[in-house]
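Below is one structure, written out as structure tokens; the observations come after it.
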Amino acid sequence: MALLGRFSGALLRPALRAQARQLSAVAHGEQGAKTWKILSFVVALPGVAVCMLNTFLKAQHHSHEQPEFIPYTHLRIRSKRFPWGDGNKSLFHNSHVNALPDGYEGHHE
């Protein structure tokens, strides 16, 4: 079986080398640069624009109300103070989304 694999590999190697050389020539030649420039403007930029539009539309339909606070015992455990600020808020704390151990800031029920 190994002999068959070596034999087929020996037969295919020249074809693969020729194909690699051909792709290399296209990628590095004058025509290759022109192809990538066209692809950038025709495929990449419209793709980025569609992604930006999708993000904008999803942000417009997103609910801006605060999620309900449920005091689960396994979440928001503070066994040690954070080394910044008052020691209770994470580094990228957002008072609208991130709850403290006793609830949201400024939200007293």
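Go through (1) loosely packed, with under 10 Cβ neighbours inside 10 Å; (2) at pLDDT below 90 one by one and return the number of the condition PRO83 breaks.
Condition not satisfied by PRO83: (2).
Which residue pairs have Cβ atoms closer than 8 Å, lie 6 or more positions apart in sequence or on different chains, and pair a first residue in the range 80-105 that is touching a residue at least 12 places away in the same chain (Cβ under 8 Å) and outside any loop (DSSP other than H, G, I, E, B) with a second residue that is surrounded by 10 or more Cβ atoms within 10 Å (Cβ to Cβ) and hydroxyl-bearing (Ser, Thr, Tyr)?
none
Condition check ((1) among the hydroxyl-bearing types (Ser, Thr, Tyr); (2) modelled with pLDDT under 85) across all residues:
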position: GLN22; (1), (2): no, yes
position: THR35; (1), (2): yes, no
position: ILE38; (1), (2): no, no
position: VAL43; (1), (2): no, no
position: LYS58; (1), (2): no, no
position: TYR72; (1), (2): yes, no
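Taking the range 49-80 as the region of interest, how many residues are surrounded by 10 or more Cβ atoms within 10 Å (Cβ to Cβ), over 18 Å from GLY103 (Cα atoms) and aromatic (Phe, Trp, Tyr)?
0
The values are calculated or read from the model by the stated rules, or taken from the named source; none is laboratory data. Computed from a prediction, not measured in an experiment: that's the story for all the values here. No Cβ is skipped: glycine too gets one built from the backbone with ideal geometry, and neighbour counts run over all protein chains shown.
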